[in-house]
Amino acid sequence: MTAPRPHAGPTFDAAPLTDPVDPKAVTAFAAELRARGSSGATGSTIFAIVIVALMALVGVPVLVTTIVSMASTPGGSGIATVPLVIFGVVALVIAVGSVIGWRRARVTRYRLNRFAQANGMSYEGRVSSPALPGMIFSLGGSRMSTDLVRGTSPRFVEFGNYQYTVKRGKSSTTYRWGYVAVKLDVPLPNIVLDAKGNNGFGSNLPASFQKEQRLSLEGDFDEYFTLYCPEGYERDALYLFTPDIMARFIDNAAELDVEIVDDWMFLYAKREASTLDPATWAWLFG
């Protein structure tokens with residue numbers, strides 16, 4: 001899914017997202033993140049990559065030697081070596097892919113850190129079980145936010161990618177979200193805007209709502225969002241969502257689900273919010 005066309009908004013420096021990088025600087029920053037305990041890659045992930053790489057370095061040469069020996073043996077059949085060749089190719093592809101993915105992840109973290117610094121923000125590689133009150137942050141296990149970019153002016157805002165795992169019997173499913181968390185001035189009722197533009201067969205949100213909680217607003221707002229608010233807070237919602245606010249949501253957030261809870265506002269997307277794509281940042285900043 002491509003991001004909607006960016007609207008006019010605050011200007012920002014997107015150059016660090018795509019500028020060439022110094023490999024030595026990338027390595028130094030990766031070491032800094034590990035020292036802070038904020039590396040985006042977990043210890044188990046790094047261990048798995050190292051094991052796969054070692055298996056490829058040791059196993060592939062041995063496999064090649066075995067294949068050559070079998071093929072050159074008098075009376076040997078070349079067909080017998082086919083499974084070994086396939087296994088060797090698959091193992092090599094997995095090993096190379098793992099190393100490339102690991103290196104790309106390090107470059108991504110380095111670029112996001114430089115992007116944050118260039119725009120007066122800060123970067124954090126990983127936070128386990130983030131203490132945020134939004135609906136997605138209390139589900140499942142193995143909860144983790146990654147690639148967090150935070151700003152404090154004019155108010156606190158956090159852009160991040162989030163995942164959690166739900167186990168069902170012997171199987172498990174990992175759910176991934178991109179989000180923007182904005183700190184508000186005062187606590188507000190728990191209001192949810194379910195964007196219709198990102199729904200499939202029904203809502204994509206991991207929560208259910210009663211029909212009595214649904215509130216219809218004027219104009220064509222209902223064509224883009226379904227609004228839910230607690231019973232008794234309808235007047236507060238109508239006061240909050242004035243025509244100009246509704247127009248801004250339609251123009252800039254029609255593919256984002258929105259939740260207001262306590263003194264936080266969350267924007268949820270079913271793709272990465274913290275990314276190297278300048279168009280996505282232009283959209284979110286808007």
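Observations on the model:
- With protein chains left intact and a 1.4 Å probe, residues in region 172-286 average 52 Å² of accessible area per residue.
- Each peptide among 268-276, 237-245 gets the average number of other Cβ atoms lying within 10 Å of its residues, and from highest to lowest they stand as 268-276, 237-245.
- Straight-line cross-link partners of Lys24 among the aspartates and glutamates, defined as a Cα under 18 Å from its Cα and at least 8 positions apart when in the same chain: Glu32.
- Of all accessible heavy-atom area on region 129-286, the percent that carbon and sulfur account for (1.4 Å): 50
- Label point 7 Å beyond Cα of Phe12 along Cβ direction - residues of region 144-167 with amide nitrogen under 18 Å: 146-162
- 12 Å Cα-Cα reach of Lys196 towards aspartates and glutamates, excluding residues that sit fewer than 8 places from it in its own chain: Asp222, Glu223, Glu255, Asp257
- Net length gained if the chain between Ser129 and Thr174 were fully extended (0.36 nm per residue, minus Cα distance): 14.7 nm
- Extension gain, Arg104 to Asp251, is 49.6 nm, computed as 0.36 nm per intervening residue step minus the present C-alpha separation.
- Of Glu231, Glu158, Glu124, Glu218, the order by accessible heavy-atom surface (1.4 Å probe, DNA, RNA and ligands excluded), from most exposed downward, is Glu231, Glu218, Glu124, Glu158.
- Selection from Gly286, Tyr179, Ile245 lying farthest towards where the dipole of region 170-286 points positive, charges on Cβ: Tyr179
The values are calculated or read from the model by the stated rules, or taken from the named source; none is laboratory data. Model, not experiment: these values are computed from the prediction. We place every Cβ from the backbone using ideal geometry, glycine too, and count neighbours over all the protein chains shown. SASA here: full protein model, heavy atoms, side chains in, ligands and nucleic acids out. Shrake-Rupley method; radii C 1.70, N 1.55, O 1.52, S 1.80 Å.
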